[in-house]
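Take a look at the structure set out below.
The values are calculated or read from the model by the stated rules, or taken from the named source; none is laboratory data. In this text the structure is predicted, and so the values were computed from the model without any measurement. Quick reminder, even Gly has a Cβ in these numbers, built from the backbone with ideal geometry, and neighbours come from all protein chains shown.
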């Protein structure tokens, strides 16, 4: 990705190339593209919203679309845009609420880089706004229940979905595969981290077996829920998807590190566990929400976040991406480690659900 | 470091960072547009961390070294204490991984060290977190 040419979809040439490609994809005789506006949000990819008028073909009429193009930087641990599109498509096919993935283009001759097109979904996805503004997202119990329902639905994506054959299956189990992955990450880091080692040893000795592998979103939390005043409008950011344990996303969702200081509201600082769990169970969620097992996956979530934060700090210190935000993120693992030690202590005393 | 001229006049690094932070927040802050406020707060946070780190000095590191030396029955040394701390910390991390502290009499001392070293880091990085969580 080092030599990609800059892309600005507000330029006429790029719009003409996109319009021509949309016409050939849909069998339209003409596609008019206008009203292109950049969208913020993604740290890796570029996003634009636009209006497209299709003449003829399967998409005849006016449509509001979002174009997502591969950014200049990539994260080694995340899926590329084409694979992410395949995951979002599979989740949508399983009934999950996702901004409808429409087409994906791997041909660099169109926009100079791969891109994906989805239907525009109105709403905002911002963790802090959602935690602070209780009006946002409609009724809180209903929002929490739909977060549970969505998770149950995405877990119905069949393991043998051919377009998802690229997603690895963790060996010997999701829990132990994570432990090995995180230890390897720590070994690549110059400074030893005894508290994370303590957490990993506990996770290894108390590893939970996984009865059935399911599709894991991988970043299922408050900041990736697009909401409007009526409720959940879409689950975003499928680039960390993998096969794993049904409780992986639950533990990530309810981990203390995503509560925006509302430690009294376990589900992402939004509300109590009960509403979420009701939605998950009523929609047929296959995971057993045993409090000790959820607690285990919350410890895993904290270790994972600490590892990610260490990586972000290294993006600054290596000189690749000098950034105050990344530098400060690199100091966060200390407080995450305190939480890990606290949670292990709680587990040993049989205290769960905090 | 603390023996330099300015420091003797009460103008040590901690004091300079304190007045820098105050100036940034009280005088520059009101002129910063809303969409740059996040950067302002991050810069101020960074100043706070640097100041607490300066104030803590060698204390946490030397205390960590003393705990590790006691854990491993090594005699205290003053030569290259930082190098010695890195060495023992690496050994400690590897021992945790291999299960040396899973059980037995050294487990409590090992856990106490992990906890104390982590607390010292958070006291510098984000002491408010410890208050919010009721830890301190």
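Given the condition out of contact with any helix residue (DSSP H, G or I) (no Cβ under 7 Å at 6 or more places or on another chain), in a helix (DSSP H, G or I) and either within 14 Å of chain B (Cβ to nearest Cβ) or in contact (Cβ under 8 Å) with a residue 24 or more places away in the chain (or both), answer yes or no: does some residue in the stretch A:329-344 qualify? Scanning the stretch A:329-344 turns up at least one residue that is out of contact with any helix residue (DSSP H, G or I) (no Cβ under 7 Å at 6 or more places or on another chain), in a helix (DSSP H, G or I) and either within 14 Å of chain B (Cβ to nearest Cβ) or in contact (Cβ under 8 Å) with a residue 24 or more places away in the chain (or both). Name the one entry in B:16, B:85 that is assigned to a helix (DSSP H, G or I) and either in contact (Cβ under 8 Å) with a residue 60 or more places away in the chain or under 22 Å from residue A:334 (Cβ atoms) (or both). Matching residue, one of B:16, B:85: B:85.
Picking from residues in the stretch A:263-281 that are in a helix (DSSP H, G or I) and out of contact with any helix residue (DSSP H, G or I) (no Cβ under 7 Å at 6 or more places or on another chain), the one that is nearest to residue A:142 (Cα to Cα) is A:274. As a summary of the residue check, residue B:66 satisfies the conditions (1) touching a helix residue (DSSP H, G or I) at 6+ places or on another chain (Cβ under 9 Å); (2) away from every other protein chain (no Cβ under 13 Å); (3) part of a helix (DSSP H, G or I); (4) closer than 22 Å to residue B:112 by Cα except for the one numbered (1). When you look at residue A:306, is it touching a helix residue (DSSP H, G or I) at 6+ places or on another chain (Cβ under 8 Å), within 13 Å of chain B (Cβ to nearest Cβ), over 16 Å from residue A:206 (Cα atoms) and in contact (Cβ under 8 Å) with a residue 40 or more places away in the chain, yes or no? Criteria met by residue A:306.
Looking at the stretch B:3-20, can you tell me whether even one residue there is at pLDDT below 95 and within 14 Å of chain A (Cβ to nearest Cβ)? No.
If you go through the stretch B:88-105 and pick out every residue that is modelled with pLDDT under 95 and assigned to a helix (DSSP H, G or I), you end up with 0. Report yes if residue B:46 is surrounded by fewer than 17 Cβ atoms within 10 Å (Cβ to Cβ), facing chain A (nearest Cβ under 10 Å) and either within 16 Å of the chain's Cα centre (by Cα) or at positive phi (or both), otherwise no. Here the answer is yes, as residue B:46 does meet what is asked.
The set of residues from the stretch B:69-82 being surrounded by 12 or more Cβ atoms within 10 Å (Cβ to Cβ) and assigned to a helix (DSSP H, G or I) comprises B:69, B:70, B:71, B:72, B:81.
Would you confirm, using the coordinates I've provided, whether residue A:297 is in contact (Cβ under 8 Å) with a residue 40 or more places away in the chain, crowded, with 18+ Cβ neighbours inside 10 Å and part of a loop (DSSP other than H, G, I, E, B)?
Here the answer is no, as residue A:297 does not meet what is asked.
Please verify whether residue B:104 is more than 10 Å from every other protein chain (Cβ to nearest Cβ), surrounded by fewer than 17 Cβ atoms within 10 Å (Cβ to Cβ) and either within 15 Å of the chain's Cα centre (by Cα) or without any contact (Cβ under 8 Å) to a residue 40 or more places away in the chain (or both), treating the condition exactly as stated. Answer is yes for this residue.
Residues that are surrounded by fewer than 18 Cβ atoms within 10 Å (Cβ to Cβ) and touching a helix residue (DSSP H, G or I) at 6+ places or on another chain (Cβ under 7 Å) were ranked within the stretch A:309-326; the one that is farthest from the other protein chains (Cβ to nearest Cβ) is A:321.
In the set (1) touching a helix residue (DSSP H, G or I) at 6+ places or on another chain (Cβ under 7 Å); (2) free of Cβ contacts under 8 Å to residues at least 12 places away in the same chain; (3) away from chain B (no Cβ under 14 Å), residue A:221 fails one condition alone, (2). Quick check on residue B:121: is it within 19 Å of the chain's Cα centre (by Cα), closer than 18 Å to residue A:339 by Cβ and buried (at least 19 other Cβ atoms within 10 Å of the Cβ)? The answer is yes for residue B:121.
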